[in-house]
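This is the structure, below, for whatever I ask next.
The values are calculated or read from the model by the stated rules, or taken from the named source; none is laboratory data. If you're wondering where the values come from, they're calculated on a predicted model, not measured in any experiment. FYI the Cβ positions are ideal-geometry reconstructions off the backbone, even for glycines, and counts take in every protein chain you see. SASA here: full protein model, heavy atoms, side chains in, ligands and nucleic acids out. Shrake-Rupley method; radii C 1.70, N 1.55, O 1.52, S 1.80 Å.
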Amino acid sequence: MIRSYLGNLSRARRKFTNSSIQRHGHIDPPKPGEELHVTFIDKDGDKHTFEVAKGDNLLDIAQANDIEMEGACGGSCACSTCHVIVQDPDVYDKLEEPDDDENDMLDLAFGLTETSRLGCQVKMSPEIDGIVVKLPSMTRNMQASDFEKK
Ligand code: FES
């Protein structure tokens, strides 16, 4: 009885693992003629421009190209370590509005600005082709140790 239960459980687990694996920082190259462009300004002020595909988010693009963006929560909108500052307010206005979860996390971001967003929540689209984002000089990663008395 237990064996057959475990057997069923094992088969169920196998089904679960059939879904595709999401790798952080993995992006596919854009199709020819559909390239979009994004520029990151790093903490030293250096610019890095990439050709990317529609639907890629800024966290994955940064991590795939060794741009220093931590992404501590893996893009689940539960930290602020992917904080970026959109340089052009007109481009910022073309982005979808941040939802409540993103706004909550942005409130915790170091150096919040009027055009701040979480990189993991910004997906590339033709409307924002050429977007330029700056990485803040610091990010804040809330950990249990942050709340310990010193
Ligand atoms: Fe944590 Fe974007 S990686 S909110």
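Which numbered condition trips up residue 51, out of (1) within 13 Å of the ligand (Cβ to nearest atom); (2) outside any helix (DSSP H, G or I)?
That leaves (1) as the condition not met.
Moving to a separate point now. Only residues that are assigned to a loop (DSSP other than H, G, I, E, B) and in contact with a strand residue (DSSP E or B) (Cβ under 7 Å, 6 or more places away or on another chain): list them for the stretch 91-107, please.
Taking the stretch 91-107 first, the residues assigned to a loop (DSSP other than H, G, I, E, B) are 95-99, 107.
Once the filter is applied, which keeps residues that are assigned to a loop (DSSP other than H, G, I, E, B) and in contact with a strand residue (DSSP E or B) (Cβ under 7 Å, 6 or more places away or on another chain), the stretch 91-107 yields 95, 98.
Considering only residues that are in contact with a His (Cβ under 9 Å, 6 or more places away or on another chain) and crowded, with 19+ Cβ neighbours inside 10 Å, look in the stretch 77-115 and name the one that is modelled with the highest pLDDT.
Here the answer is 105.
Among the residues of the stretch 1-45, count how many are open to solvent by 50 Å² or more (accessible area, probe 1.4 Å), part of a helix (DSSP H, G or I) and either polar (S, T, N, Q) or modelled with pLDDT of 75 or more (or both).
Residues flagged as open to solvent by 50 Å² or more (accessible area, probe 1.4 Å), part of a helix (DSSP H, G or I) and either polar (S, T, N, Q) or modelled with pLDDT of 75 or more (or both) within the stretch 1-45 amount to 2.
For residue 118, work out the one condition from (1) surrounded by 21 or more Cβ atoms within 10 Å (Cβ to Cβ); (2) closer than 17 Å to residue 27 by Cα; (3) within 13 Å of the ligand (Cβ to nearest atom) it doesn't fulfil.
Failing condition for residue 118: (2).
Only residues that are in contact with a strand residue (DSSP E or B) (Cβ under 9 Å, 6 or more places away or on another chain) and on the phi > 0 side of the Ramachandran plot: list them for the stretch 67-89, please.
Hits for the stretch 67-89 are 75, 77.
Is it true that some residue in the stretch 46-62 is among the basic types (Lys, Arg), open to solvent by 80 Å² or more (accessible area, probe 1.4 Å) and modelled with pLDDT under 95?
Narrowing the stretch 46-62 to residues among the basic types (Lys, Arg): 47, 54.
Now narrow it down to the ones that are open to solvent by 80 Å² or more (accessible area, probe 1.4 Å): 47, 54.
Now restrict to residues that are modelled with pLDDT under 95: none.
Within the stretch 46-62, none of the residues are among the basic types (Lys, Arg), open to solvent by 80 Å² or more (accessible area, probe 1.4 Å) and modelled with pLDDT under 95.
Turning to a different aspect of this structure: Taking the stretch 65-89 on its own, how many of its residues are within 17 Å of residue 118 (Cβ to Cβ), more than 9 Å from the ligand (Cβ to nearest atom) and not in a strand (DSSP E or B)? If you could, list the steps in order and put the result at the bottom.
First, the residues of the stretch 65-89 that are within 17 Å of residue 118 (Cβ to Cβ): 67-87.
So of that shortlist, the ones also more than 9 Å from the ligand (Cβ to nearest atom) come out as 67-68, 84-87.
Keeping just the survivors that are not in a strand (DSSP E or B) gives 67-68, 87.
Number satisfying all stated conditions: 3.
Continuing with the same structure: So is residue 93 free of Cβ contacts under 8 Å to residues at least 12 places away in the same chain, acidic (Asp, Glu) and within 12 Å of the ligand (Cβ to nearest atom) or not?
Working: free of Cβ contacts under 8 Å to residues at least 12 places away in the same chain: yes; acidic (Asp, Glu): yes; within 12 Å of the ligand (Cβ to nearest atom): no.
For residue 93, the condition - free of Cβ contacts under 8 Å to residues at least 12 places away in the same chain, acidic (Asp, Glu) and within 12 Å of the ligand (Cβ to nearest atom) - is not met.
Considering every residue within the stretch 126-141, establish whether at least one is more than 15 Å from the ligand (Cβ to nearest atom), of a type in the set (Asp, Glu) and either at pLDDT below 95 or more than 22 Å from residue 53 (Cβ to Cβ) (or both).
no
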